[in-house]
Every structure is written in structure tokens, then in C-alpha cells.
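Trainee: Below is a structure I'd like to ask you about.
The values are calculated or read from the model by the stated rules, or taken from the named source; none is laboratory data. Note that this is a predicted model, so its numbers are computed, not measured. In this analysis, Cβ positions are derived from the backbone assuming ideal geometry, glycine residues included, and neighbour counts consider all displayed protein chains. Accessible surface areas use protein heavy atoms only, side chains included; no ligands, DNA or RNA. Shrake-Rupley method; radii C 1.70, N 1.55, O 1.52, S 1.80 Å.
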Amino acid sequence: MIQGRLPRGSPGDKRLPFSQGSTLGVTEMRLLALGNRAALDLWRRLLAEPRKPKLSRLISPSHFMTHKKTYFSKVKESTSFVANIFKGKVVVNNMFPFPSVLSEEQTSFLKMVYEPCNRFFEEVNDPTWNDSNEEVPSKTLTGLKELRMYGLQVPKKLGGTGLTNTQYARMVEILGWHDLAVGVVLGAHQSSGFKGILLFGDEHQKKKYLPDLASGKSLAAFCLTEPMSGSDAASIQTTAEVSQCGKFYILNGQKMWISNGGVADVFTVFAKTQVKDVATGEVHGKISAFIVEKAFEGVTSGLPEKKMGIRASNTTSVSFKDVKVPVENLLGGFGNGFKVAMNVLNNGRFGTVSALVGTIRRVIKKAVNHAAKRKQFGNKICEYGIIQEKLAHMAMYHYVAESMAYLISGNMDMKVQDFHLEAAISKIFASEAAWEVTDECIQILGGVGYMKQAGVERIMRDLRIFRIIEGTNDILRIFVALAGLQHAGAQLQELQHTLEDPLNNTAVLFTELGLRAKRIIGIPTGISLDGVVNGHLLDTASLVTKCVDLLSEAVEHLLLKFGTEVIHQQFHLKRVADTAMDIYSMGVVLSRATYSLNHNLPSAIHEKLLCESWCYKASERVRWNLKAVKASSWNRYYQNMKTISNEVVRNGGVVYSRPMGF
Ligand code: MYA
């Protein structure tokens, strides 16, 4: 009945605002007759407001970032912890108990491959030499092949080491501890380069390529990024057209900043193909993935790039000129390339997180060694509060990042499918934590830390790229926020349908009313982690549930205020993503500390401290960030940011002249 009506107070709406004695619809009058003014208000808020039609647009074709594709269209129920907190729910299945997935046999196998590899890095590989000479020497590459490091997750029957995700995570920690550049060579090979073949390859493709890739006889690279296509992965311009004979795809285009680009023998290449919609007969440009060999005519690589860090790894452009790719080298089905690319990236991110966890552990050791020995003003510097706070923060960052790494790898081993938001958050978190920790390590070491000899400046240079590769942290933040809002929008829309008939759904109406009233007053809505977390952590757990209430309230506020326009509200989206990250990180450490307390691990009490302190700080950030999302006073600040930025851009730099005028 209210359908199509203009929202009250909007331009063109002739009715008076409610507060001034309004024209009421029949349902509204019935609700008033029921004597519940608050229920009436809620009903109006959920129904009348969205009829702009904001919420309905949330689930009709709408667009993410580029207005090209549907984004909010299909939302499935999710078991993801992160997806659910946007809906005000705490779903703990993938979070508690903290996974402990390795059998005794798997643990001893891991130790068997781990120890020689770690020794090899201590004794043979020299990261400083690699960095200065911008190459990984053949003795290292050969040694890594002998250690079966090229095919860690390739099944044994195809010549690989056959590790689970958790075993792999522990192995790549070694790379992060010792040499991130070698980590990138191996990561670009197996974490992304041939991961598509492992995940999507048919039997023939797996048998043909994986044995040589796993032994290190051939090397792989992942070719997605192009000169005009970075974060907007769907906008690639490389093309693949079916040849006249129908036996090949003809590949043309250029890829850039490809790790292993100049040394790989096998590339996973993404290209635009013309796909015919069976139902409509229309032809669309959709991405397909291909396995391309360096040996195919027309494949060339550019010169190695000169980089800030990970210098020993090879990075080049790769060009394809009329390359004939056999049709059997199509990977994952015609037109499914975007899905292949996203899944490869989703599946690879936990490896990066694990490697960075190794780096952070190493850097903390360096900082502690120095702080425990260095004396100033008569005391060891680790006795001063300012250094103690730094060391404690560094330890907390590591605890969170390590817990994220093993929670995801454990979940992946338990065949959990819905982990892409958690993987994105973990990659953002680990790359920023590693940067922060290394920066603080240099600060603690002072002048020593700034010198090459201490080895920390190389780590810092190596680390910088991790906030950019595998999806920049900025685009991943937007991805997390929008995916979460999509889930919340779908839930709100379902509620909207139900409440179209409020009189027959009074139970739902009053439950929703109660929930919102509690959130507004600031009392718990009833979600709880009692019985899930260890009893000693109940107070800390209540910080998490409170933050979930605050997030879902803020999310609803944004959806009702902006509708699909929310996708353009990046000031808000960033803060929503940071909140989701903070809440996830709190959940992760609560899970890990609960496990340690429940199992009486020797470090359990220390872990409880880390967990409590982290959650306290994170919950304060959540409050702050969500205030900035909801309070109208912040709009002025956002407007200022826009204006300042526009003026700086228009001016080609800062706008004002120096105080002396020139
Ligand atoms: S390679 C370069 C990395 N580049 C990127 O990561 C690009 C970043 N951009 C994106 O990810 C996408 O373009 C975004 C989507 C997210 C912005 N999982 O309309 P859409 C689905 C599953 O939103 P867009 C490199 O760095 C979505 O639901 N599905 O798409 C390697 C929708 O599905 P449907 C996803 O607006 C470096 C469809 O796709 C995901 O274009 C080597 C379209 O969605 C997702 N994540 O923007 C590193 N996202 O159609 C070496 C979207 O069904 C590693 N979708 O509704 C070193 C490691 C060291 C470790 C050592 C190990 C050994």
C-alpha cells in the first residue's frame, strides 16, 4: 500500500512530517491503535525510509566501484564470522575451538621437512648477498629443489610434498624469518603461479604440468596485472580469441610487475574472451584463464625491474603477441577466469600471512636482544616504560597475526569454504603489523637499526610490498566493507519483506524493536560468548559482543541513510572495514587464548594478558571508528578532506606558499 509513495519529508511529498500531525497510512493507523508508538516508528524506519527506494536498490542490479557489475545481487547465508558480525550475529563455528588439525603423523612429517629447510637457510642462503646482487644464486635454488620446496602443496602422487595448509603455513614461516625475497620467488611460483592448476586444472593439465613445477624443473608465474588494470582486476585488456581452425586461442596483450616474469616457464594468464550468453544470445567480454608456456611463440619478458625491496626476486613485464594457446590449456572453463583469479588470491593470502608471521617473530627477537643488553642512563632500555610498551605492542601484533594465520589454515584444512573475508583481513593485518613492528624495532635499535649491518632496513624494504601485492590493503578494505554490507543489506531486506505485513508479524516487529532499543540505550542485545570462551575471559568476550552490536547498528544506519550510494562512501567504508578487522582480531585471540587456557599450555597466562590487552585497545578503536561513521559532526571533517584533496590535486601539490613567500 505504501509502495511507490515518496518518503515523508522528501521533495514532492505533500504530507507533513510525522511529528507535526501527519497523514497516516492504514497500517500505520492500525499500529497506533495497537497503542505502540515505538513500533510505529520502527516500522516507518525500516519500511518508509528504504522506499526511496534505497534498500530495494541494494538487492537489484547495482554496482561496486565501477557501476559495471551487479554486486549486491546474490547473497547466500554464510558461516563466515566476519560476514555475520555485519548482521549483528556472532557465528562461532569457524572460530571456536581454535583449530588443532595436525595428526601425530602429520606433525612428525612436518618436522622432518622443516628442520633441514631451516638449517639450509641458516647455513647456505645469504639474504644480504641476494639483496645486494639482486638475484637468488643457483646454490640456493638447487638446494630448495632438493628440499622439495617448490611443490609444497602438490599431492605426492604428482611429485609434490603433499603438505596440508597448516603444514604449509609452518614451512613458509621459515621463508619469512630468513628471506622474504626468496619467499616471493617460491610464493609467486606455488602460492599464485600454478595454484590455478592445482585448484581448477583438469586431470590432463595437472598431470602435464604439476610434476615438473613441483620438482622445480619448471617455474610458474601469475599474470593478472596490466599497465591499465591493477586493483580493478576485471578491466584487463589482454584478449584471447578463438582461432579460425578452432584449435587455439590467440592471445594478445601485456602484463606488468609479474613476479618470476623473466624466469618462469609456465604462466597462468588472464585475458578477455567473448562469451555468448546461452539464454539471450548476447555476447559479453568475460575473463578466461589460460596456461601459457614460455616456449609458445610470441611470449616475451621485459628487463628485470629495479625495486625498493625483495630485490633478489625477479619482476618483469610479460608480453603476448599472437600467441597460439592450445584450447586444452583453457583453465577453469570459458569465461570463468575472474573466479579463478579471485580464488587463487583467496587461497594464497594465508601463505603471505604465515610468511609475515615468521618475519615479525624474527624482528621481535632482534629488538629484544638489543633492548635487553643496551644500557642508557644506567639502566637497560627494556626497563623503561616507553620501550616496554613498544615491545608489548610488538608481541601483541605477532600474537594476533600468528593466530590469524593458523586459524585460517586450520579452517582450510577442515574444508571450510567461506574464508575469503577472513583471508583478506588477515593479509591486511599481517602486512601492516609487520611494517609497524619492524619500524618500532628500528626505533628501539636507534642508530644501529638504521645501519645496513643490522639487517632490519632490508627487512623493512622487503616488507613494504606486502601492503600492495595480492590486492592492495585499500582495495581489500573496501572489499571487506562492501561484502559485509551486502550481507547486512540482504538481512534488512528480508526483514523489510516480513514487516510489509506488520500486524501478522508482531513478534518479529517487537523483537526487532527490542534489539534496536537495547542498542540505542547501550545495553547488551543478548548475543554472548558464554560457554564458548574460557571462563577467565568472559569480561573480555563481552567487549567483542558489545562491538558487534555497535557495528550492526552503524551498518544499518549507513544502509538506511545511503542505500546503494553507500558504495561511494569510502570514508565510512574504511572505518567499517577497520572495525570488522578489529572485531575479527578480538575473536581470533579469544579463541587462541581459550584453547591455551583450556589445555593448560605453559604460556596460557601470558596469552591471556595479550588477549585482554589487545581486546581492550581494539574495542576502544571500534568505538572511535564507529562514532566517526555515525556522528554527523564528522561529516564536516570528511567534507574538509575532500576539499583539501581536490585543491591539492588542482594545484599539483600543496596550495600555500612558504612563510617567506618563495
Ligand atoms: S596479483 C595482483 C593482485 N591483484 C589483485 O588482488 C586485484 C584486486 N582486485 C580484486 O580483488 C577485485 O577486482 C575486487 C572485485 C575485489 C576489487 N572471492 O563485481 P565484483 C566475486 C570470491 O565485486 P569487481 C599479485 O599481486 C563477486 O562475488 N569471489 O568485482 C600476485 C562476484 O561474483 P558473482 C569474489 O568490482 C603477487 C564477482 O566476483 C571475490 O571487479 C604474487 C564480481 O565481483 C573474492 N575475493 O572488484 C605474490 N571478489 O558474479 C607472491 C569478488 O557471482 C606471494 N568476487 O556475483 C608472496 C607470498 C610469500 C609467501 C611465501 C609462500 C611460499
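Trainee: Note down the relative contact order for the range 220-339 as a percent, whole number, built from C-alpha pairs under 8 angstrom at least six residues apart.
Mentor: 30 percent
Trainee: Positive end of the dipole of the range 220-339, charges at C-beta (+1 Lys, Arg; -1 Asp, Glu), about the Cα centre: which of 237, 326, 250 has its Cα farthest in that direction?
Mentor: 237
Trainee: Of the accessible area of the range 139-239, with the probe set at 1.4 angstrom, what percent is carbon plus sulfur?
Mentor: The computed percentage sits at 54.
Trainee: Quick check: pseudo-label points 7 Å beyond the Cα along Cα→Cβ at residue 620 and residue 145, how many nm apart are they?
Mentor: Result: 5.4 nm between the two label points.
Trainee: Hey, another quick one. How much area per residue is accessible in the chain when the probe is 1.4 Å and only protein heavy atoms are counted (Å²)?
Mentor: Per residue, the chain has 46 Å² of solvent-accessible surface.
Trainee: Based on the mean of other beta carbon atoms within 10 Å per residue, what is the order of 652-662, 412-422, 370-380, 168-178, most packed first?
Mentor: 168-178, 412-422, 370-380, 652-662
Trainee: Relative to the longest principal axis of the C-alpha atoms of the chain, give the angle of the C-alpha long axis of helix 570-598, reported between 0 and 90° and rounded to the nearest 10°.
Mentor: Helix 570-598 sits roughly 70 degrees off the main axis of the chain.
Trainee: For the peptides 273-282, 428-437, what is the packing order when you average, over each peptide's residues, the other Cβ atoms within 10 Å and list the highest mean first?
Mentor: The most tightly packed comes first, giving 428-437, 273-282.
Trainee: Okay, next question. Apply the Karplus curve 6.51 cos²θ - 1.76 cosθ + 1.60, θ = phi - 60°, to the phi angles in the range 458-464 and return the couplings in whole Hz, x for Gly and Pro.
Mentor: Whole-Hz 3J(HN,Hα) from phi for the range 458-464: 5, 4, 5, 5, 5, 5, 4.
Trainee: Related question: Could you put 323, 124 in order of accessible surface area, largest first, with the 1.4 Å probe and the full protein assembly present?
Mentor: In descending accessible area the options line up as 124, 323.
Trainee: Moving on. Let me have the relative contact order for the range 520-645, percent, based on Cα pairs under 8 Å that are six or more residues apart.
Mentor: 33 percent
Trainee: Scan around residue 226 for amide H atoms under 5 Å from its own, H built in the peptide plane at 1.01 Å from N, and keep only partners 5 or more places away or cross-chain.
Mentor: 256
Trainee: About the Cα centre, and with charges only on the beta carbon of Lys, Arg (+1) and Asp, Glu (-1), how big is the dipole of the chain? Nearest 20 debye, please.
Mentor: The calculated dipole for the chain is roughly 1340 debye.
Trainee: If you don't mind, there's one more thing I want to ask. Around residue 82, what is the net charge, scoring Lys/Arg as +1 and Asp/Glu as -1 over all other residues with Cβ under 12 Å from its Cβ?
Mentor: -1
Trainee: Tell me which lysines have Cα within less than 21 Å of residue 390's Cα, excluding those fewer than 8 residues away on the same chain?
Mentor: 365, 366, 373, 375, 380, 608, 617
Trainee: How do 441-448, 357-364, 459-466, 150-157 rank on mean C-beta neighbours within 10 Å, highest first?
Mentor: Final packing ranking: 357-364, 459-466, 150-157, 441-448.
Trainee: Which far-off residues, 5 or more places away or on another chain, put their amide H under 5 Å from the one on residue 287, with H placed in the peptide plane?
Mentor: 273, 337, 338
Trainee: Mind putting a number on the dipole of the range 236-308 about its Cα centre? Charges go on the C-beta only, +1 for Lys and Arg and -1 for Asp and Glu, and I need it in Debye to the nearest 20.
Mentor: That gives a dipole near 180 debye.
Trainee: Within the range 220-339, how many Lys pairs that are eight or more residues apart, or on different chains, come under 19 Å at the alpha-carbon?
Mentor: For the range 220-339, qualifying lysine pairs total 22.
Trainee: Oh, and also: Can you compute 3J(HN,Hα) from phi for each residue in the range 335-351, using the Karplus curve 6.51 cos²θ - 1.76 cosθ + 1.60 with θ = phi - 60°, rounded to whole Hz and x for Gly and Pro?
Mentor: x, 9, x, 5, 4, 4, 4, 5, 5, 4, 5, 4, 6, x, 4, 5, x
Trainee: Return a whole-number percent for the relative contact order of the chain, with Cα pairs under 8 Å and 6 or more residues apart as the contact set.
Mentor: 16 percent
Trainee: Amide H to amide H under 5 Å from residue 534: which residues, 5+ apart in sequence or cross-chain, H placed 1.01 Å off N in plane?
Mentor: Result for residue 534 returns 594.
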